[in-house]
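Notes follow the structure.
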Amino acid sequence: MRQILLPFLLLVATPVAAETVEQALATAPPGTRIGLLVVDEQGRELASVRADERFVPASNTKLFTTAAALAMLDTAASDAAGGAAVRLEGRDVVLAGNGDARLSSAADCATDCLAELARAVAARTRTVGDVIGDDTAFPDERWPAGMSWNNIPGRYGTAISALTLDDNVTTLTVDGAGRVSGDGYYRIDGRVTVTVGGAPSLGYARLPGSDLMTVSGTIPAGHAPVTLTVGIDDPAHRAAWRFVRLLRDAGVRVTGAVRTRHRPVTPADDPAARGRAPVAHPPAPAALARLVPGPLIEDVRITNKVSQNLHADLLLRRVGRVSGTGSVADGQAAVTAVLERAGVPRAGYDFSDGSGMSTYNRISPRTAVALLRWAATQPWGAAWRATLPVGGIDGTLARRFAGTPLDGKLFAKTGTLNAANALSGYLIAASGRTLTFSALANDMPQDASATVAMDRALLAVAAAN
């Protein structure tokens with residue numbers, strides 16, 4: 001059996017089970033560093049491997065962000081505080097965001113629809129000047145420190161803004177003749193080659209700050225159109241640009257330009273620099289109309305089930321605005337305050353964003369287990385657990401654990417980043433007991449995956465308990 005150097009402390013039911021867990025972890029790619037902690041309802045350790053070492057958690061970061069959001073934000077029937085609003089300033093119309101992650105301009109939109117704000121403007125006036133996208137509710141921090149710059153053109157690294165529309169992405173279409181089309185927001189440099197047979201192989205690239213999207217690769221002649229989803233650099237500008245079209249659809253004449261209002265980051269956005277006194281927010285300007293998104297828990301469900309990065313980073317900024325300015329630093333301070341309430345030792349974590357896209361994030365398995373156990377005791381804990389993917393059933397675990405004894409019995413947040421895999425949550429063991437666990441893997445060579453080894457280890461622990 002190939003050996004991986006792991007300092008094991010395994011407290012499972014039998015020596016055979018201990019060997020099974022060790023063998024499972026040893027199937028990880030050579031050089032992989034793995035941390036694992038599994039505890040029972042009383043907190044007794046059933047398996048422990050490097051439980052106090054720190055790892056890049058990837059999207060396990062979302063566990064901490066969403067728990068902090070439910071602990072700090074209003075979880076009433078609607079999520080009104082985050083809703084977008086529209087107001088008139090003379091002849092200009094201002095579209096202002098407040099951190100709503102679900103604002104939509106889709107043709108089939110049923111709730112939280114930008115078109116509703118366009119109709120509100122049309123009911124007041126038939127001519128406007130400039131259309132201004134205002135995202136000054138948060139400082140202008142569009143990407144987290146430590147995120148790979150090559151993620152920026154795609155959906156997973158799209159920019160973060162208080163004014164967010166359609167998840168801050170747009171789509172391009174490549175047809176069977178190699179033609180590339182979009183909705184007009186980006187200029188397109190199409191370099192697609194048409195082939196005979198085979199499968200489409202398409203890619204795209206855009207320099208940060210540029211509106212020129214280069215699409216290249218191959219597509220078989222006559223192939224069905226292929227859709228590419230790409231990210232937005234300036235979400236406030238994109239939202240205002242789309243709003244112009246919806247205003248015109250509503251019968252409003254737009255005579256001016258699309259403009260934006262951003263709020264630069266200042267020392268006042270750092271709680272350590274300004275002191276710990278809560279920030280007093282001035283009253284919001286009177287709005288012509290304001291949207292009311294659905295309940296916060298619905299957004300948390302989206303964030304955790306499909307691992308939605310943008311939604312998570314917006315939640316971080318929103319918790320940062322409870323007593324601060326909505327900066328990343330304020331969000332980090334808010335998460336830290338929640339973890340202090342949970343009794344999580346400060347040495348066990350560091351965060352640079354709310355989604356897990358940053359390679360600067362660090363947690364230990366013991367930190368994740370402590371959060372999970374504390375969250376289970378909170379009034380919102382059961383609802384939060386229900387937002388986690390279910391093994392073999394849905395979300396990012398829909399295909400994992402299917403057909404195994406943990407099919408439908410594992411509720412956990414996944415995580416995948418360069419040379420990092422993570423899975424933390426709850427599982428129902430063979431005895432029917434609910435166990436809490438965290439499995440983290442880093443340093444896999446050539447970006448190989450350690451998920452199979454991690455899953456086998458959890459199945460072994462579940463079978464032995």
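Which aspartates and glutamates have a Cα lying under 19 Å from the Cα of Lys409, excluding residues fewer than 8 positions away in the same chain?
Hits, sequence-local ones excluded: Asp40, Glu41, Asp394, Asp455.
Using bins 10 angstrom wide from zero, how does P(r) for region 128-281 break down, in % of all Cα pairs?
10, 30, 29, 20, 8, 3, 0
Could you look at region 182-289 and say what percent of its accessible area is carbon and sulfur, using a 1.4 Å probe and all protein chains? Mind dumping the intermediate values first?
Working: 3300 of 5890 Å².
Within region 182-289, the accessible surface is 56 percent carbon and sulfur.
For the chain, what does the accessible surface come to per residue with a 1.4 Å probe? Please give it in Å². It would help to have the intermediate numbers written out before the result.
Details: 18950 Å² over 465 residues.
Averaged over the residues of the chain, the accessible area is 41 Å².
Scan region 228-278 for trypsin sites (Lys or Arg not before Pro) in coil per DSSP, keeping those whose Cβ has at most 16 other Cβ atoms within 10 Å, and list them by number.
Arg276
Report, in degrees rounded to the nearest 10, the 0 to 90 angle that the Cα long axis of helix 451-464 makes with the longest principal axis of the chain.
Once rounded, one gets 50 degrees.
Can you list, largest first and rounded to whole Å, the semi-axes you get for region 300-445 by taking the square root of 5 times each eigenvalue of its Cα gyration tensor? If you can, show how the numbers build up before the last one.
On the way: eigenvalues 129, 59, 47 Å².
Semi-axis lengths for region 300-445 are 25, 17, 15 Å.
Alpha carbons only, please: Rg and Dmax for region 40-164, in angstrom.
20.5, 68
Among DSSP bridges having both ends in the chain, what percentage is antiparallel? Round to the nearest 5.
Working: 55 of 75 bridges.
Around 75 percent of the beta bridges assigned by DSSP in the chain are antiparallel ones.
Using per-residue counts of other Cβ atoms within 10 Å, averaged over each peptide, order 313-319, 293-299 from highest down.
313-319, 293-299
Just reorder Val390, Val194 by solvent-accessible area, largest first, 1.4 Å probe, all chains present. Kindly include the intermediate steps, with their values, before the conclusion.
Working: Val390 20, Val194 65 Å².
Solvent-accessible surface, decreasing: Val194, Val390.
For region 261-369, what percent of Cα pairs sit more than 24 Å apart? Intermediate values should be presented prior to the final figure.
On the way: 1935 of 5886 pairs.
It works out to 33 percent of all Cα pairs.
Give me the one-decimal Kirkwood hydrodynamic radius in Å for region 325-398, with the sum taken over alpha-carbon pairs. Provide the component values of the computation, followed by the final result.
Values: mean 1/r = 0.0725 Å⁻¹.
Hydrodynamic radius (Kirkwood, Cα pairs) of region 325-398 is 13.8 Å.
Alpha carbon centre of region 319-339 versus region 293-311: separation in Å?
Here the two parts' Cα centres lie 18 Å apart.
Rounded to the nearest 10 degrees, what's the angle between the helix 235-249 long axis and the longest principal axis of the chain, both from Cα atoms, 0 to 90?
For helix 235-249, the angle is close to 50 degrees.
For His311, His262, give me the order by solvent-accessible area with a 1.4 Å probe, most accessible first, ignoring ligands, DNA and RNA. Don't skip to the answer; put the middle values down first.
Values: His311 5, His262 55 Å².
Correct descending sequence by accessible area is His262, His311.
Among Ala28, Ala51, Ala71, whose Cα projects farthest towards the positive end of the dipole of region 20-76, with charges put on the beta-carbon of Lys, Arg (+1) and Asp, Glu (-1)?
It is Ala28, whose Cα lies furthest towards the positive end.
Where does each of Glu45, Glu340 land when they are ordered by accessible area, with a 1.4 Å probe and the largest first?
On the way: Glu45 55, Glu340 125 Å².
Ranked list, largest accessible area first: Glu340, Glu45.
Please work out the C-alpha center-to-center distance from region 217-231 to region 125-189 and express it in whole Å.
Centre-to-centre (Cα) distance: 20 Å.
To one decimal place, what orientation-averaged projected area in nm² is obtained for the convex hull of the Cα set of region 183-231? Please report the intermediate quantities before stating the final value.
Numbers: hull surface 14.4 nm².
Seen from a random direction, the Cα hull of region 183-231 projects 3.6 nm² on average.
Which aspartates and glutamates have a Cα lying under 15 Å from the Cα of Lys62, excluding residues fewer than 8 positions away in the same chain?
Lys62 reaches Glu298, Asp299, Asp313, Asp350, Asp353.
Could you state the angle between the C-alpha long axis of helix 61-72 and the longest principal axis of the C-alpha atoms of the chain, as a value from 0 to 90 degrees rounded to the nearest 10?
Its long axis makes an angle of about 70 degrees.
Hey, could you grab the Kirkwood Rh for the chain? Inverse mean 1/r over distinct alpha carbon pairs, Å, one decimal.
Computed over the chain, the radius equals 23.7 Å.
How large is Rg over Rh for region 387-453, taking Rg from the Cα atoms and Rh as the Kirkwood inverse mean of 1/r across Cα pairs? It would help to have the intermediate numbers written out before the result.
On the way: Rg = 12.2 Å, Rh = 12.3 Å.
Rg/Rh: 0.99.
Could you give the distance between the Cα centres of region 86-119 and region 349-401, to the whole Å?
32 Å
Please work out the Kirkwood hydrodynamic radius for region 294-338, using every pair of different C-alpha atoms, and report it in angstroms with one decimal place.
Working: mean 1/r = 0.0939 Å⁻¹.
Taking every pair of different Cα atoms in region 294-338, averaging 1/r and inverting gives 10.7 Å.
The values are calculated or read from the model by the stated rules, or taken from the named source; none is laboratory data. Every value quoted in this text rests on a predicted model; they were computed, and no experiment measured them. Cβ atoms come from the backbone with ideal geometry, glycine included; neighbour counts cover every protein chain shown. For accessibility, only protein heavy atoms count, side chains too; no ligands or nucleic acids. Shrake-Rupley method; radii C 1.70, N 1.55, O 1.52, S 1.80 Å.
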